[in-house]
Amino acid sequence: MQYCNHCAANVIFAVPPGDSLARYVCPACGHIQYENPRLVVGCVAEWEGQILLCRRAIEPRLGYWTLPAGFMENGETTAQGAARETLEEAGVAMRMDAPFAMISIAHINQVHLFYRGRMNSPHFSAGEESLEVSLFDPANIPWDELAFRSVSLCLDYYLADRAKGSFGFHEADLAPL
């Protein structure tokens, strides 16, 4: 960041008085630009035992499979964001069951929150950010072609809980590789 988003003056990177972390501070107007982690919300969407995956049409990880998910927007709840992303990426209306897995990825300033959900119908279609969408039996999930470690971890948790017949809430931290 080079310029203040309030007055357009040049900013400096310094620890503001009373703070403990360096921030972009405007010496002209005093505005402090806080940067906080971004929240990615998504869903493990299921239809008759199969799990919905989307092949990404955008970077990062173009061409790899993922759960429908994306950045939460202002003015929506996490469940609304997960439902919106599933509709946008896979053309699927959802019934959200419960939050399922929260994965902190501090080194990229993101938190991934996945819900469990049921598809309202077996119909789906690739949205603008998906090359294709498909339902997978657990035995056929393309593990080596999954886009993100958070998705792999979430699916591991999901399939283990499903096999036990009881779903819990999972929390994890992913460190850099």
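Read the figures in this text as sums done on the coordinates, not as results from a lab. Keep in mind it's a predicted model, so treat the numbers as computed, not measured. Glycine gets a Cβ as well: all are built from the backbone with ideal geometry, and neighbour counts include every protein chain shown.
Please specify each residue of the stretch 139-152 satisfying the condition of being surrounded by fewer than 18 Cβ atoms within 10 Å (Cβ to Cβ) and part of a helix (DSSP H, G or I).
A139, N140, W143, D144, E145, R149, S152
Does E73 qualify as being more than 21 Å from L146 (Cα to Cα), touching a helix residue (DSSP H, G or I) at 6+ places or on another chain (Cβ under 7 Å) and in a loop (DSSP other than H, G, I, E, B)? Before you say what the answer is, go through the steps one by one.
Values: more than 21 Å from L146 (Cα to Cα): yes; touching a helix residue (DSSP H, G or I) at 6+ places or on another chain (Cβ under 7 Å): yes; in a loop (DSSP other than H, G, I, E, B): yes.
Considered against the rule, which asks whether it is more than 21 Å from L146 (Cα to Cα), touching a helix residue (DSSP H, G or I) at 6+ places or on another chain (Cβ under 7 Å) and in a loop (DSSP other than H, G, I, E, B), E73 comes out as yes.
Going through A45, A90, A69, A79 one at a time, which residue ends up being touching a Cys at 6+ places or on another chain (Cβ under 6 Å), surrounded by 13 or more Cβ atoms within 10 Å (Cβ to Cβ) and not hydroxyl-bearing (S, T, Y)?
Values: A45 fails: touching a Cys at 6+ places or on another chain (Cβ under 6 Å); A69 fails: touching a Cys at 6+ places or on another chain (Cβ under 6 Å); A79 fails: touching a Cys at 6+ places or on another chain (Cβ under 6 Å).
From the options A45, A90, A69, A79, the qualifying one is A90.
Counting only residues that are in contact (Cβ under 8 Å) with a residue 24 or more places away in the chain and assigned to a strand (DSSP E or B), which one in the stretch 1-42 is surrounded by the most Cβ atoms within 10 Å (Cβ to Cβ)?
Only one residue tops the list, namely G42.
Quick one: what pairs do we get from the stretch 121-144, first residue closer than 9 Å to R55 by Cβ, second assigned to a loop (DSSP other than H, G, I, E, B) and of a type in the set (G, A, S), C-beta under 7 Å, 6+ apart or different chains?
As it stands, the answer is S130/A57; L131/A57; L131/G63; E132/A126; V133/S125; V133/A126, since those pairs meet every condition given.
Please work out which one of (1) within 17 Å of the chain's Cα centre (by Cα); (2) among the hydrophobic types (A, V, I, L, M, F, W, C); (3) surrounded by fewer than 16 Cβ atoms within 10 Å (Cβ to Cβ) is the condition F136 fails and give its number.
Of the numbered conditions (1) within 17 Å of the chain's Cα centre (by Cα); (2) among the hydrophobic types (A, V, I, L, M, F, W, C); (3) surrounded by fewer than 16 Cβ atoms within 10 Å (Cβ to Cβ), the odd one out for F136 is (1).
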